[in-house]
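The structure appears below as structure tokens.
Every number in this text was worked out from the coordinates using simple rules, so none of it is lab data. Quantities reported herein were computed from a predicted structural model and do not represent experimental measurements. Please note: Cβ atoms are built from the backbone with ideal geometry, for glycine as well, and neighbour counts cover all protein chains shown.
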Amino acid sequence: MLKDIIAVEPTEGYQLYLKFEDDKQGIIDISKLISFTGVFAALQDIYYFQQVKINPEWGTIYWENGADFDPDVLYAEITGEEISNYQIAKTANKL
């Protein structure tokens, strides 16, 4: 997939509006994807959560504390498309 996120806006609660480079867009509830532990613990503070940014180099969203998300996972959640096993392996090899 590797679709970059080109727009993000906090909406209600822990929801974010995301728009991808192929014009797919939607709202995702981050609280349903994570536990607020580890690097994600700071995101439980709603004010901090709303300070989400886009890193154009990575093509994804992030917070200043180092929390970020794989854009493929977010794309799959927004579109309902599955991430192929090939993409999972390819992404794992980059880490």
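Computed quantities for the displayed model
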{"read-out": "Backbone N within the stretch 1-33 under 12 Å of label point (7 Å from residue 73 Cα along the Cβ vector)", "value": "30-33"}
{"read-out": "Residue-averaged 222 nm ellipticity for the chain, from DSSP H runs of 4+ at -39500 (n - 2.57), nearest 500", "value": "-6500 deg cm²/dmol"}
{"read-out": "Trypsin sites (Lys or Arg not before Pro) within the stretch 14-84, DSSP loop, no more than 16 other Cβ atoms inside 10 Å", "value": "24"}
{"read-out": "Ascending count of other beta-carbon atoms within 10 Å, so fewest first, for 46, 78", "value": "46, 78"}
{"read-out": "Nonlocal amide H pairs with residue 6, under 5 Å, H built at 1.01 Å", "value": "19, 20, 21"}
{"read-out": "Amide H contacts under 5 Å for residue 69, placed H, 5+ residues apart", "value": "61"}
